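**Q** I'd like to ask you about the structure that follows.
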Amino acid sequence: MSKNSATTLVRESEESRLSPREKRNSTTRRRQNGNDKVVKFRCDFPSTQVRVMLARGWTQVTDPNDQTWNLWWCETNDVRQALDLKLGPNQKIPHFRNHYELTRKNYLYRNLKRYKKILLKSNKIDEADLCDCMPLTFELPNDYRMFTEEYHKQPGATWIVKPAGRSQGRGIVKIYEVNNNCSLFYERQLAVSFRNSDLRKLKDLAEWRSKEYGSQQIETPPVETFIVQKYVENPYLLAGRKFDLRIYALVTSFHPLKAWLAREGFARLSGELFDLENIDDSRVHLTNMAIQLKIQDEEKKEQTKKCCKWALIKVREFLTAGHGVVAVEALLQRIAGVIMASLLAVQPVIMQGKNSFELYGYDILLDEDLRPWLLEVNASPALTGTDSEDYRLKFDLLDDTLNVLDLEGRFSGLETRIGGFDLLWNDGPVWTTCPNPSICGEPTGDLRKLNIFLGARNDRVGQLRQLRDYLDERRNRAQRTCHG
């Protein structure tokens with residue numbers, strides 16, 4: 001079967017599976033777009049993205065040689081091919097060419113270190129503090145000596161080894177101290193074996209590095225980079241289980257930087273109660289759904305899908321009940337600050353493309369002191385729903401991503417909120433004011449806050465309707481003025 005025929009079958013299959021709600025939405029979208037505004041898209045794999053774009057009344061391009069699309073929702077390995085085309089100003093790609101400066105753990109770590117030095121030179125202490133958002137990190141094999149020195153300074157500490165360029169918990173190794181020896185547990189064979197319990201065996205990394213870089217006569221395979229991080233031993237727990245937060249940020253431009261933050265997200269909980277002594281059980285310490293579903297019992301898998309996610313609004317309510325409005329608002333503002341620090345850190349090195357945008361999935365861990373720790377940034381966060389509520393969240397998230405891109409030309413470009421997204425940065429911070437100082441707990445002379453509403457009620461449908469009514473009325477007024 002040709003690729004063209006396969007793509008056509010994918011489109012027909014996705015169209016046939018649209019829910020009544022999605023079909024009604026599709027009819028509404030076509031009526032709003034009008035016959036003269038045909039938006040074409042390309043997406044070569046069955047996905048939530050396809051369903052959203054079809055529901056908007058867009059036309060799917062199935063011929064790979066047809067370049068008349070307005071949006072090609074490609075995967076990261078197709079970015080170079082897509083951006084090497086001669087794209088018009090009305091064509092969009094969902095990735096930046098070197099997004100890995102943000103999404104590879106070792107590059108993110110380097111960029112944050114560099115950005116912190118720049119901020120300290122400018123005496124911007126508070127901004128520099130936000131760059132310390134990753135747990136104590138070393139890059140192996142480059143930082144091997146520094147790591148072993150730090151390791152001996154902190155006897156009994158727990159460390160975690162992560163492949164720099166992988167996701168979903170693949171290749172993660174935990175290291176912990178037992179009777180002055182270092183034992184390591186691993187899920188799969190890594191490029192360097194950590195099978196021996198003696199810490200000195202980590203010198204294999206240094207020898208491995210010297211073989212790779214020190215001698216030109218010895219041919220060795222490419223070295224996979226790892227990062228070693230100090231394990232956060234006092235994580236905040238929900239129902240006795242470790243969790244991290246998935247926060248979505250949409251970047252429509254890096255030069256100038258323009259970033260939006262989604263109101264909705266979720267917490268991913270581990271499948272087992274937290275126990276630092278049970279270090280070898282990944283389902284205790286890793287929250288990735290791919291890890292949690294590594295169980296044989298199908299009934300337990302379905303139960304895990306339901307109980308291992310909390311909506312962000314539920315997490316916010318839980319934290320507010322325990323710590324109060326002021327502390328939780330400060331936490332959410334700091335999370336937004338951490339996200340902005342990461343984006344500003346990579347801004348100088350990201351290749352700006354006028355055709356690019358990117359929806360990033362930020363993974364944030366909280367400790368007992370309500371301090372947020374940045375674990376990683378995902379360039380292709382999973383957008384397939386694990387249940388009906390998760391599907392609804394991701395469908396609306398994608399729909400509002402396309403609303404922000406505004407390929408239909410409905411909005412003015414001056415909005416600070418579109419649906420479930422709030423504008424966080426527009427070549428500078430976007431501020432809002434606290435509507436009720438007694439609730440926010442701020443003095444009356446200092447009510448500015450970053451324009452973010454993480455975990456707030458997402459009345460996106462009503463907001464979009466009001467926004468369109470307002471813009472329609474303004475256009476009608478302008479037309480009456482012109483004709484008058």
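**Q** Ordered by packing density, taken as the mean number of other Cβ atoms within 10 Å over each peptide's residues, highest first, how do 395-402, 454-461 rank?
**A** Answer by packing, highest mean first, reads 395-402, 454-461.
**Q** Separate question: Any idea of the accessible area per residue across the stretch 309-412, 1.4 Å probe, to the nearest Å²?
**A** Ligands and nucleic acids excluded, the figure is 33 Å² per residue.
**Q** Continuing with this model, one more query. What is the gain in length, in nm to one decimal, between MET351 and GLU389 on full extension, counting 0.36 nm per residue of separation less the C-alpha to C-alpha distance?
**A** Here the answer is 10.1 nm.
**Q** Determine the alpha carbon to alpha carbon distance for each of LYS40/LYS258; LYS116/LYS242; LYS40/LYS86; LYS121/LYS354 and list only those over 27 Å.
**A** Over 27 Å apart, Cα to Cα: LYS116/LYS242; LYS121/LYS354.
**Q** So, one more: Dividing the convex hull volume of the Cα atoms of the stretch 328-423 by its residue count, what figure in Å³ per residue is obtained?
**A** 148 Å³
**Q** Another question, if that's okay. Mind ordering 240-251, 225-236 by average Cβ neighbours within 10 Å, highest first?
**A** 240-251, 225-236
**Q** Ok, one more. So how much slack lies between LYS86 and ASP126, counting 0.36 nm per residue of separation and subtracting their Cα-Cα distance, in nm?
**A** 10.1 nm
The values are calculated or read from the model by the stated rules, or taken from the named source; none is laboratory data. Everything numeric here is computed off the predicted structure, so don't read it as measured data. So basically every Cβ, Gly included, is an ideal-geometry build from the backbone, and we count neighbours across all protein chains shown. The area values use the complete protein model at the heavy-atom level, side chains included, leaving out ligands, DNA and RNA. Shrake-Rupley method; radii C 1.70, N 1.55, O 1.52, S 1.80 Å.
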